[in-house]
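A quick write-up on the structure given underneath.
The values are calculated or read from the model by the stated rules, or taken from the named source; none is laboratory data. Quantities reported herein were computed from a predicted structural model and do not represent experimental measurements. Glycine also receives a Cβ, built like all others from the backbone with ideal geometry; neighbour counts cover every protein chain displayed. Protein only, heavy atoms only, side chains kept; ligands, DNA and RNA dropped before computing areas. Shrake-Rupley method; radii C 1.70, N 1.55, O 1.52, S 1.80 Å.
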Amino acid sequence: MKISLNWLKEYVDLTGISFGEIETTLTMCGLEVESFENQNEIYKGFVVAKVVEAGRHPNADKLTLCKVFDGKETLQIICGAPNVAANQKVVLGKMGAVVPQNNFKLSKAKIRGVESFGMLCSEAELMISNDHSGIMVLSEDSVEGTPITEALKLNDIIFEVGITPNRPDALSHTGVARDLAAIFDRELNLPSFPTLSNSNAASSIFSIEIKNPELAPRYSAKIVQNVTVKDSPDWLKDKIKAVGLRPINNVVDVTNFILMELGQPLHAFDMTHLSGSKIIVRKAGSTESFITLDSKERKIDPETLLICDGIKPVAIAGIMGGENSEVTEITKNILIESAYFNPSSIRKSSKMLGLSTDSSYRFERGCNPSITLEAAERAAELIASLTGGTVVEGHIDIYPEKISEPQITLRLSQVERILGYSIETDKIEKILTSLGFSITEKKEDKFIVNSPLFRPDCEREIDLIEEIARIYGYGFIPPVERIAISLEKKNDDTILASRLRNIFVGLGFNEAYGNTLLSEKTAALYGKPITMLNPQSIELSRLRTSLIPGAIEMTAKNINVSEKNLRLFEIGSVFNLVNPKPATFSDFTEDKKALFLITGEANQEEWLTKPRKFDFFDIKSILNLIVSNFLLDNFVSYSYYSTQNNLFDLSCELTVQKDGKTHPIGFGGSISKNVLKEYGINQEVYCFELSLSELKSVQRPFPKFKDLLRFPKIQKDFAFIFDDKVKYSEINDFIKKSSSELLKEISLFDLYKNESMGSGKRSLAFNLVYYDFNRTLKDEEIDADFFGLIEKIKSNFNAVLRGN
Amino acid sequence: MNERILSIKNSFITESASVSDTKALEILRIKYLSKNGLLPALLSDLKNVAKEDKPAIGKELNLLKNFVESSFKEIKERIDSAGSSSKETIDLSLPARALPLGSKHIITQTMEEITDIFKTLGFGVYEGPEIESDYYNFEALNFAPDHPARDMQDTFFINDTFLLRTHTTPVQIRIMEKQAPPVRAIMPGKVFRNEAVSTRSHYQFHQIDGIFVDHKVTFAELKGTLVAFAKQFYGSDIKFRFRASYFPFTEPSAEMDITCFICKGEGCRICKHSGWLEILGCGMVDPNVFKSVNLDPDVYSGYAFGMGIERIALLKYNITDIRIFFENDVRFLKQFPALK
């Protein structure tokens, strides 16, 4: 909200306090100054000047060559405005001044070959109005050389203050002034309200009925007759403009003035358009259509509160008036509405309509129900004095159930208990009273405090403690520079992810952070996606069901920038529907996954290294590494498929058997060419997605030390020609099964195919390692084992031993 | 006999001095040390020496043998080392094999750096779900339904019950539901706001929330702990300030500012010429939050705080566009190897 410093000063004397101090104080007490406009800075270098001569520019028809006197010297200025003429008093931007409209710094310029030493300004260039039809012409009695900050009273500072939703009272100049008065210990000078009259003149010519008092607890009104609606005087226009509003007329401007002064939204009706001389406040009841002040047709929800006359709606309560009862130049008699509406009702209606106004913004945060009548009286008096109208004596004020101020018990010990710092009782009392709280009872250990209705955020003891701390100043509460640590076991949910990260980083992978939001099409490829109710776009309407699509997308992006050799990993959550209409947490799943992806070359060509592309077996190597880090090998089983599915051309799964349960740890493979084609990728991409929760459930305990082998290993090699159809895994299993427990390691060190072996054959060469932890093996026993194995392989696989 | 010993020694010294390659050394070895060489011949002649002279001659012979053998060793070493430097020269300036070392995302690194500091202060690390219920995300945290405070966090809804969490604060409710005080926890994680993507805002980002609940926890302690954190994370020379603010789940509430580390408090574009940077929101746990988890606010008190990770990383690493965090361009990712 825009707060004018000049305006603030009408309610609190800030003499002797610097602008910087005011700015900091506002920020520190919770009214954060987000930015400010200092007119003294903005209009530096702009002065009143007199056009002495206005002649033709020698080289341009539309330009005028002027001689301008700025109070000290006469300057040559080229002016492009059509209205410039000799003897005018104008605004001169001197060299060095910065034009507010475009931040252009003025300097000596040559325009069509003629020098110019400054600029004559339009209202638009000075950002005083939108008028850019010509230069601004000042009154004849303006004195040359006077800075316009003085001549045009452009000497204000406008703060843009961020008001948090708990502080509706600060959405007004008096509200902000109250905080400053309390902090600087100065008097708060609220505007004086006219004394209320007991006359029934107003109520005898107009009546008000509230049908839904729970939504409209109070409705006050004043009547002003025989008004002349016209432009407001400058002082009012200036105030309205200072806070960023547009002056309209001397009635509407007054209602806006009161809004910005007191925070009480008002609305003025043209009484001639109020049928039946009455106002009825009621819920719409049915869906209606209504044209608001801004000439827009609005669909009204049945629950929306309306202000109606004898036959029709004339305003949407607390949000916007209707076009049908708008104050115009021909308006004679007006009714000023000053009401208090239920905050959540206004908020719902405002959301439903998609319409937020200065009024609704305040009503939904909570206005002050105790001020409605005073605000209406003040507005009526001002309007009458500006429009030449007369205020009808008395008022109409429907307030069926008076709202009482909350009564709070403040235990003084609690202030120190929460703040960790003792504030003197006198100081507490002073702070509370200066903010408008009344202390109705003072006891040794507690105060009974009435909270003013303009502070709907203060209902509890803790709220008062905050007010005390806020005004006292958080900065004066000294930090306690020690910490008491409790010694219970400390939880860390991120350990598993950290371990995986360390493995991937060690293997040369770069960690990525993908997008959780995906398009419907992409998300549906990988699972049963959850849809959002209010997505930003259809492209971001689903939650990811897998980390794979995001990884493919980032791969495509990287390849596009010539980064073709990638090792990427991501750890993140994926979501899948269990029940199409989720009502409980078990109707969908949220799982943390770790994905790794490789593509391009594992080794790039270098003078020492031959290039090698990533392949399926790299996936297996990485999985083996993770498995050996986390799991007990003997429980693990891999399944490999070369058959195609939607996602993978080659795929594999990793499952672990533990305690009779099968745990699906993850799946992956080489991503299908069709999928890659959609992303414009034409190189092989391999990836694998692991479930962290499954991995956690089969995690092995941290290993214990095993004694080192103290006896020699015996190595044996053989090579066989097998039929192609015999899988490596079958042979491997068979070797294990057919050997004694002395065989500890099997490795395949060569795979070879040659025409001479006959078609459909291949040679596999194995290295076998035998040892025992407790003794040195004898050659004979290994020979028995080894040669026995050769015979078994020969007969079982019909394989041919090579090399002899 | 003694003369023979001396003469062989002298001839060995003369001949060995000219040996410069393996071949000559071998000839020398054969002449002196081989089975039929001069030294074994001398040794076998020892048996013909008079018995009383044997010890003295034997000693001389031994000395000669040791001398010849160690000379051989020396010559061989000399030849070997000379040979290796002369035979083949390696251009050591040739490039090495490229070994890849991966990287943690800078968001991960920033979160770890922050959690590590709080871990040393006795905080545990907790995670919670990214899909939250309205109850955990708002209601239990004292956001009344239809209160404008809800507008502070533009929310992605899944339906009336579920939404994408707008902050990691709901994890504090989940912890307090399960664990009696003392609760000292930090809660890192991903959060979502329905905000347009621009250089300074994104619909997904990360936060770390923290909470400490026990008997007699005070605002002064909140200040002390967060100042200690900020000095460790941003540098011990920073100045700080706590200013009043509003969060539904804390009362009193504050924002913590530190002196802008870009301009050292002079005022710059980043700190909007104020000299201050807002780094976190904090406050004392609101009694209504204690009521949601059945704790008596007259018995327990606590403080809570929360900070946005991307904002911190943007400032700390001089990054100007938040979108780059989620584009996963490896040219960006590789710029941040494991730092700490």
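Return the total of residues in the range B:174-222 being part of a strand (DSSP E or B), under 25 Å from residue A:517 (Cα atoms) and touching a Ser or Thr at 6+ places or on another chain (Cβ under 9 Å).
Kept after step one, since they are part of a strand (DSSP E or B), are these residues of the range B:174-222: B:183-192, B:204-214.
Filter once more, keeping what is under 25 Å from residue A:517 (Cα atoms): B:187-192, B:204-209.
Filter once more, so that each one left must be touching a Ser or Thr at 6+ places or on another chain (Cβ under 9 Å): B:187-192, B:204, B:206-209.
Number satisfying all stated conditions: 11.
Which residues, taken from the range A:417-449, are closer than 19 Å to residue A:369 by Cα and open to solvent by 30 Å² or more (accessible area, probe 1.4 Å)?
Residues satisfying the conditions are A:436, A:438.
Every residue in the range A:569-587 that is at the interface with another protein chain (Cβ under 7 Å from one of its Cβ atoms) and open to solvent by less than 50 Å² (accessible area, probe 1.4 Å), please.
Once the filter is applied, which keeps residues that are at the interface with another protein chain (Cβ under 7 Å from one of its Cβ atoms) and open to solvent by less than 50 Å² (accessible area, probe 1.4 Å), the range A:569-587 yields A:573, A:575, A:582.
Have a look at B:145, B:181 and point out the one that is in contact with a strand residue (DSSP E or B) (Cβ under 8 Å, 6 or more places away or on another chain) and surrounded by fewer than 21 Cβ atoms within 10 Å (Cβ to Cβ).
On the way: B:145 fails: in contact with a strand residue (DSSP E or B) (Cβ under 8 Å, 6 or more places away or on another chain).
Only one candidate passes the filter, namely B:181.
On the given criteria, is residue B:258 touching a residue at least 24 places away in the same chain (Cβ under 8 Å), away from every other protein chain (no Cβ under 14 Å), under 24 Å from residue A:467 (Cα atoms) and in a strand (DSSP E or B)?
no
Kindly provide the set of residues from the range A:337-395 that are more than 27 Å from residue A:206 (Cα to Cα) and among the polar types (S, T, N, Q), ordered by number.
Those that are more than 27 Å from residue A:206 (Cα to Cα) and among the polar types (S, T, N, Q): A:344, A:349, A:350, A:356, A:357.
Which residues, counting only those in the range A:751-784, are within 11 Å of residue A:739 (Cα to Cα) and either touching a strand residue (DSSP E or B) at 6+ places or on another chain (Cβ under 7 Å) or among the β-branched types (Val, Ile, Thr) (or both)?
A:768, A:770, A:782 - these are the residues of the range A:751-784 that are within 11 Å of residue A:739 (Cα to Cα) and either touching a strand residue (DSSP E or B) at 6+ places or on another chain (Cβ under 7 Å) or among the β-branched types (Val, Ile, Thr) (or both).
Keeping to the range B:1-14, report how many residues are under 19 Å from residue B:74 (Cβ atoms) and open to solvent by less than 60 Å² (accessible area, probe 1.4 Å).
Restricting attention to the range B:1-14, the residues satisfying the condition of being under 19 Å from residue B:74 (Cβ atoms) are B:8-14.
Filter once more, so that each one left must be open to solvent by less than 60 Å² (accessible area, probe 1.4 Å): B:8, B:11-12.
Total meeting the criteria: 3.
Under 7 Å between Cβ atoms, which residue pairs at least 6 apart in sequence (or on different chains) link something in the range A:489-500 that is in a loop (DSSP other than H, G, I, E, B) and of a type in the set (S, T, N, Q) with a partner that is open to solvent by 40 Å² or more (accessible area, probe 1.4 Å) and modelled with pLDDT of 90 or more?
A:494/B:127
Out of curiosity, is residue B:169 polar (S, T, N, Q), open to solvent by 30 Å² or more (accessible area, probe 1.4 Å) and either over 29 Å from residue B:336 (Cβ atoms) or touching a helix residue (DSSP H, G or I) at 6+ places or on another chain (Cβ under 9 Å) (or both)? Explain how you work it out, then say what you get.
Values: polar (S, T, N, Q): yes; open to solvent by 30 Å² or more (accessible area, probe 1.4 Å): no; either over 29 Å from residue B:336 (Cβ atoms) or touching a helix residue (DSSP H, G or I) at 6+ places or on another chain (Cβ under 9 Å) (or both): yes.
When the stated conditions are applied, residue B:169 does not pass them.
Is there a residue being over 24 Å from residue A:620 (Cα atoms), exposed (fewer than 12 other Cβ atoms within 10 Å of the Cβ), out of contact with any Phe, Trp or Tyr (no Cβ under 7 Å at 6 or more places or on another chain) and of a type in the set (Asp, Glu) anywhere in the range A:766-787?
Within the range A:766-787, one or more residues are over 24 Å from residue A:620 (Cα atoms), exposed (fewer than 12 other Cβ atoms within 10 Å of the Cβ), out of contact with any Phe, Trp or Tyr (no Cβ under 7 Å at 6 or more places or on another chain) and of a type in the set (Asp, Glu).
In the list B:54, B:47, B:23, which residue meets the criterion of being within 24 Å of residue B:79 (Cβ to Cβ) and either basic (Lys, Arg) or exposed (fewer than 10 other Cβ atoms within 10 Å of the Cβ) (or both)? Outline the logic, then answer.
On the way: B:54 fails: within 24 Å of residue B:79 (Cβ to Cβ); B:47 fails: within 24 Å of residue B:79 (Cβ to Cβ).
B:23 is the lone residue from the list that is within 24 Å of residue B:79 (Cβ to Cβ) and either basic (Lys, Arg) or exposed (fewer than 10 other Cβ atoms within 10 Å of the Cβ) (or both).
Please go through the range A:508-539 and pick out each residue that is among the hydrophobic types (A, V, I, L, M, F, W, C), facing chain B (nearest Cβ under 10 Å) and free of Cβ contacts under 8 Å to residues at least 24 places away in the same chain.
A:532, A:533
Any residue at all in the range A:484-494 that's β-branched (Val, Ile, Thr), surrounded by fewer than 14 Cβ atoms within 10 Å (Cβ to Cβ) and modelled with pLDDT under 90? Steps first, answer last, please.
Within the range A:484-494, the first condition is being β-branched (Val, Ile, Thr), and the residues that meet it are A:485, A:494.
Narrowing the set further to residues that are surrounded by fewer than 14 Cβ atoms within 10 Å (Cβ to Cβ) leaves A:485.
From what's left, modelled with pLDDT under 90: A:485.
The answer is yes, given that some residue of the range A:484-494 is β-branched (Val, Ile, Thr), surrounded by fewer than 14 Cβ atoms within 10 Å (Cβ to Cβ) and modelled with pLDDT under 90.
Of all residues in the range A:693-731, count the ones that are open to solvent by 80 Å² or more (accessible area, probe 1.4 Å), at pLDDT 90 or above and among the hydrophobic types (A, V, I, L, M, F, W, C).
1
Is it true that some residue in the range A:196-214 is surrounded by fewer than 20 Cβ atoms within 10 Å (Cβ to Cβ) and closer than 21 Å to residue A:172 by Cα?
no
Since residue B:20 meets every condition but one in (1) in contact (Cβ under 8 Å) with a residue 40 or more places away in the chain; (2) away from chain A (no Cβ under 14 Å); (3) assigned to a helix (DSSP H, G or I), which condition does it not meet?
Of the numbered conditions (1) in contact (Cβ under 8 Å) with a residue 40 or more places away in the chain; (2) away from chain A (no Cβ under 14 Å); (3) assigned to a helix (DSSP H, G or I), the odd one out for residue B:20 is (3).
Of all the residues that make up the range B:315-336, how many are without any contact (Cβ under 8 Å) to a residue 12 or more places away in the chain and either open to solvent by less than 10 Å² (accessible area, probe 1.4 Å) or part of a helix (DSSP H, G or I) (or both)?
Of the residues in that region, 5 qualify.
Count, please, the residues in the range B:278-306 that happen to be touching a strand residue (DSSP E or B) at 6+ places or on another chain (Cβ under 6 Å) and either assigned to a strand (DSSP E or B) or farther than 20 Å from residue B:247 by Cα (or both).
From the range B:278-306, those touching a strand residue (DSSP E or B) at 6+ places or on another chain (Cβ under 6 Å) are B:278-286, B:300, B:302-306; that's our starting set.
From what's left, either assigned to a strand (DSSP E or B) or farther than 20 Å from residue B:247 by Cα (or both): B:278-285, B:302-306.
Counting residues in the range B:278-306 that are touching a strand residue (DSSP E or B) at 6+ places or on another chain (Cβ under 6 Å) and either assigned to a strand (DSSP E or B) or farther than 20 Å from residue B:247 by Cα (or both) gives 13.
Looking at B:263, B:271, can you tell me which residue is over 19 Å from residue A:477 (Cβ atoms), assigned by TED's automatic domain parsing to the domain that holds residue B:126, assigned to a loop (DSSP other than H, G, I, E, B) and open to solvent by less than 10 Å² (accessible area, probe 1.4 Å)?
On inspection, the qualifying residue turns out to be B:271.
Check every one of the helices (runs of 4 or more DSSP H) wholly within the range B:31-126 and list those with 3 or more residues that are of a type outside the set (Ser, Thr, Tyr) and away from chain A (no Cβ under 14 Å).
Values: elements: B:38-45, B:54-87, B:106-120.
In the range B:31-126, B:38-45, B:54-87 are the helices (runs of 4 or more DSSP H) which contain 3 or more residues that are of a type outside the set (Ser, Thr, Tyr) and away from chain A (no Cβ under 14 Å).
If you take the residues of the range B:205-235 that are without any contact (Cβ under 8 Å) to a residue 24 or more places away in the chain and out of contact with any helix residue (DSSP H, G or I) (no Cβ under 7 Å at 6 or more places or on another chain), which of them is surrounded by the most Cβ atoms within 10 Å (Cβ to Cβ)?
B:223
Name the strands (runs of 3 or more DSSP E) wholly inside the range A:1-87 in which the number of residues that are crowded, with 19+ Cβ neighbours inside 10 Å, free of Cβ contacts under 8 Å to residues at least 60 places away in the same chain and among the β-branched types (Val, Ile, Thr) is 2 or more.
Passing ranges, in order: A:60-69, A:74-79.
Step by step: first the residues of the range A:450-475, then only those that are within 7 Å of another protein chain (Cβ to nearest Cβ) and open to solvent by less than 20 Å² (accessible area, probe 1.4 Å), then the one that is farthest from residue A:366 (Cα to Cα). Which residue is that?
A:474
Going residue by residue through the range B:194-202, is there one that turns out to be in the same structural domain as residue B:120 (by TED's automatic domain parsing), in contact (Cβ under 8 Å) with a residue 24 or more places away in the chain and open to solvent by less than 10 Å² (accessible area, probe 1.4 Å)?
Looking for residues that are in the same structural domain as residue B:120 (by TED's automatic domain parsing), in contact (Cβ under 8 Å) with a residue 24 or more places away in the chain and open to solvent by less than 10 Å² (accessible area, probe 1.4 Å), one finds none in the range B:194-202, hence no.
Residues of the range A:429-449 being within 14 Å of chain B (Cβ to nearest Cβ) and among the β-branched types (Val, Ile, Thr), which ones?
Of everything in the range A:429-449, just one residue is within 14 Å of chain B (Cβ to nearest Cβ) and among the β-branched types (Val, Ile, Thr), namely A:431.
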